[in-house]
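To start, the structure itself, in structure tokens.
The values are calculated or read from the model by the stated rules, or taken from the named source; none is laboratory data. Everything numeric in this text was worked out from a predicted model, so none of it was measured. Cβ coordinates were reconstructed from backbone atoms using ideal geometry, including for glycine residues, and neighbour counts include every protein chain displayed.
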Amino acid sequence: MAPLDKRSLPYGLWPSPFSPAQMAAGMRLSDPTWDSDGETLVWLEGRSDKGVLVAQSRGEPASRDLTAERSVRARVGYGGGDFTVHGGFVYYSADGRLFRQPLTGGSARAITPAFGEAASPTVAPDGRRVAFVHSYERRDAIAVVDAAGDTWPRRVVQGEDFYMQPAWHPDGRRLAYVCWNHPHMPWDGTWVRVVDVESGEVTEIAGGEQALLQPAFSPDGLLLAYASDATGWWNLYLHDLAGGTARQLTRHGDAEAGGRTAWAQGLRTLGWAADGKSLYYLLDRQGVSSLVRVGLDGDEAAVALPEYTHLAQLAVAPRGDRVACVASSSRIPPRIVAMDGGRASVLRRSAPETVPAEALAPAQPLSWATADGSTVHGLYYAPTSPACVSPGLPPAVILIHGGPTGQSVAGWSPNAQFFATRGYAVLDVNYRGSSGYGRRYRDELRGTWGIYDVEDAVSGGRHLAAQGLADGGRLVIMGGSAGGYTVLRALTTEPGAFKAGVCLYGVSNLFTLAAETHKFEERYLDSMIGPLPEEAARYRERSPIFTADRIVDPIAVFQGEVDVVVPKNQADTVVESLRRRGVPHEYHVYAGEGHGWRRSDTIEAFYRSVDAFLRQYVIFA
């Protein structure tokens, strides 16, 4: 039988397998964590605006929900570090408190009082105490509470601005942790320290002008592993606790080994094998990640997970040879994947996976040169459909990630698939300043935010046009948070470069951002723009609100009503200028949403609005 001819439809109007309702139907999967016996795996599922813990034990045919009464979510900084598992109990954060609940069923019991916020719980080897990060009235600390919650928590270290990733020594007496102070961010300069919980004595392991991550004691307690970017790329190091010396274990100079920018608590990129003779870690190169096992002599072996191009939240079982992670690719939505003796199995899927791979766009690493000769990186998605073709060149959506020290990776990207399957070319820009390409590349945005990110977005769109991959007259720029700032800056400094803009909770006023944002980022602009009041003129020059009258291209603005990172007034001021001057625009404010969308009805409404906006101002303009 002859193959059916493809339908000829205009780019941007292809029937996509991803309707707005389907975009809202999936769930978020995160943080697979083993119980201390290595038999039960627990993970967190984000179902609309609720976080639910789910468990599955070896031999069980299906998973089971653990929590129903409360939504599991830690709220220190951007969140993360929501729970841990030990001795048949799960310890989780909800409503600012820590709760303990049996894995076999039964009610939860609060073990910390109801003030402040608690995150990153970790249980002592004997199961009697829980260490955690606590934040209250701008004072952060690492505290310890008895596992049953019978006594009041006690701070064991305090005085620094931020703490994360507490980890117990096998002796149950010492804790390793990461800390840092303003004006640094955790990828600028941190310390790894060890505290004796009984005496309070603190020993510094490493620190200074380097980013340090995830200290982890070896099972025999002789070594402390951690990741550092001291060489300019993250690598693993081993500290001999008895001798007080450290040595570099991995030696990658073009990839990040065991390190990622710590935007949230609870980041896990490495872990000791149960026998203590090797470590597992995540290796990131050009937006693609893989799992590697390294021996104490530095010999490495890749662990085969060929289907997946992005791995996150690595969990190594304390017994046996089992590992788990969240795995995805540009054509596979996130899954909870566990490996037992080298054999991988899928425990949970975030979406039905009914769309065939050939109907999805693969992520392709792409690099291009700026006007000054700098190299910029990104991921390209070609318009993809097994049923449609179009004449001419496609419109393109230039996606700008947040941060700005973030990274677009070759994992599952709902935005990219939503647009590519409708006939748009998509370029996910990892502009200068993005993580994942070494410290030198990451630091290029210091003092140049609002300049390099805009230049790289504009040059990325022009590169697509020059290569015959997109229609240069129908480019769209879209981003959220810091990416939304880049959208606003591009529309004010490069009018006409883009046919339209889509701005999600974007920064418009750098002065008010510095004054009103949350503690984690309140000094971030010291490095991205410069310190105040010395650089006030630069803040004014680069704040889109002061040049909003230059915006002439159509723009859709989306904002969460209760956003504490980029408050709603940041969007209100821009929209008022658009209304006053009659610039084509839309403004959508979502009740109950903060910095990003969680509720299913919000996600559906967002994609429906974006699709209609682009049809009006790009496809049919």
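Pairs, please: C-beta under 8 Å, at least 6 apart or cross-chain, first residue of a type in the set (Lys, Arg) and in segment 437-463, second part of a helix (DSSP H, G or I)? Every condition considered, the pairs that remain are 446/527; 446/528.
Name the single residue that is surrounded by the most Cβ atoms within 10 Å (Cβ to Cβ) among those in segment 13-40 being hydroxyl-bearing (Ser, Thr, Tyr) and closer than 16 Å to residue 271 by Cα. Ranking the qualifying residues of segment 13-40, first place goes to 33. Just one of the listed residues (147, 143) is over 29 Å from the mean Cα position of the chain (by Cα), among the small types (Gly, Ala, Ser) and either at positive phi or modelled with pLDDT of 95 or more (or both), namely 147.
Residue-wise test of (1) modelled with pLDDT of 90 or more; (2) more than 27 Å from the chain's Cα centre (by Cα); (3) over 18 Å from residue 71 (Cβ atoms).
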site	(1), (2), (3)
555	yes, no, yes
559	yes, no, yes
570	yes, no, yes
585	yes, yes, yes
601	yes, no, no
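Yes or no: segment 158-177 includes at least one residue that is closer than 25 Å to residue 220 by Cβ, free of Cβ contacts under 8 Å to residues at least 60 places away in the same chain, in contact with a Cys (Cβ under 6 Å, 6 or more places away or on another chain) and outside any loop (DSSP other than H, G, I, E, B). No, segment 158-177 contains no residue that is closer than 25 Å to residue 220 by Cβ, free of Cβ contacts under 8 Å to residues at least 60 places away in the same chain, in contact with a Cys (Cβ under 6 Å, 6 or more places away or on another chain) and outside any loop (DSSP other than H, G, I, E, B).
Conditions tested, residue by residue: (1) outside any loop (DSSP other than H, G, I, E, B); (2) hydrophobic (A, V, I, L, M, F, W, C); (3) crowded, with 18+ Cβ neighbours inside 10 Å.
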| position | (1), (2), (3) |
| --- | --- |
| 298 | no, no, no |
| 301 | yes, yes, no |
| 313 | yes, no, yes |
| 320 | no, no, no |
| 334 | yes, no, yes |
| 338 | yes, yes, yes |
| 352 | no, no, no |
| 361 | no, yes, yes |
| 366 | yes, yes, yes |
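Looking across segment 543-579, the residues that are within 25 Å of residue 521 (Cα to Cα), in contact (Cβ under 8 Å) with a residue 60 or more places away in the chain and part of a loop (DSSP other than H, G, I, E, B) come down to 565, 566.
Residue-level check: of (1) part of a loop (DSSP other than H, G, I, E, B); (2) closer than 25 Å to residue 612 by Cα; (3) under 27 Å from the mean Cα position of the chain (by Cα), residue 496 misses just (3). The set of residues from segment 262-279 being small (Gly, Ala, Ser), crowded, with 21+ Cβ neighbours inside 10 Å and part of a strand (DSSP E or B) comprises just one member, 271. Summed over segment 1-26, the residues that are part of a loop (DSSP other than H, G, I, E, B) and either within 25 Å of residue 65 (Cα to Cα) or hydroxyl-bearing (Ser, Thr, Tyr) (or both) give a count of 6. Taken together, the residues in segment 580-606 that are part of a loop (DSSP other than H, G, I, E, B) and of a type outside the set (Phe, Trp, Tyr) amount to 9. Residues satisfying the criterion are present in segment 550-568 (criterion: closer than 30 Å to residue 160 by Cβ and surrounded by fewer than 16 Cβ atoms within 10 Å (Cβ to Cβ)). For the residues 373, 406, 392, 378, the requirement of being under 17 Å from residue 261 (Cβ atoms) and small (Gly, Ala, Ser) singles out 406. If you go through segment 95-116 and keep only what is surrounded by 22 or more Cβ atoms within 10 Å (Cβ to Cβ) and part of a strand (DSSP E or B), you end up with 98, 99.
Quick check on segment 412-435. Is at least one of its residues out of contact with any Phe, Trp or Tyr (no Cβ under 6 Å at 6 or more places or on another chain) and farther than 30 Å from residue 617 by Cβ? Within segment 412-435 (the criterion being out of contact with any Phe, Trp or Tyr (no Cβ under 6 Å at 6 or more places or on another chain) and farther than 30 Å from residue 617 by Cβ), the answer is yes, since at least one residue qualifies. When residues in segment 573-621 are screened for being touching a strand residue (DSSP E or B) at 6+ places or on another chain (Cβ under 8 Å) and either more than 24 Å from residue 418 (Cβ to Cβ) or among the acidic types (Asp, Glu) (or both), 7 of them pass. Could you list, ordered by first residue, the pairs with Cβ atoms under 9 Å in which the first is in segment 56-70 and at positive phi and the second is surrounded by 11 or more Cβ atoms within 10 Å (Cβ to Cβ), at least 6 apart or interchain? Partner pairs satisfying both residue conditions: 59/39. Condition first: farther than 21 Å from residue 401 by Cα and assigned to a helix (DSSP H, G or I). Now tell me which residues in segment 609-621 satisfy that. Matches in segment 609-621: 612, 615, 616, 617, 618, 619. One residue stands out in segment 13-41 among those that are farther than 19 Å from residue 62 by Cβ and of a type in the set (S, T, N, Q): the one that is nearest to the chain's Cα centre (by Cα), namely 30. The number of residues in segment 27-55 that are touching a strand residue (DSSP E or B) at 6+ places or on another chain (Cβ under 8 Å), in a loop (DSSP other than H, G, I, E, B) and within 19 Å of residue 68 (Cα to Cα) comes to 1. Restricting attention to segment 57-86, report how many residues are part of a loop (DSSP other than H, G, I, E, B) and of a type outside the set (A, V, I, L, M). Adding up the residues that qualify gives 16. Taking segment 138-157 as the range and being outside any loop (DSSP other than H, G, I, E, B) and either touching a residue at least 24 places away in the same chain (Cβ under 8 Å) or within 17 Å of residue 99 (Cα to Cα) (or both) as the test, the residues that pass are 140, 142, 143, 144, 145, 146, 154, 156, 157.
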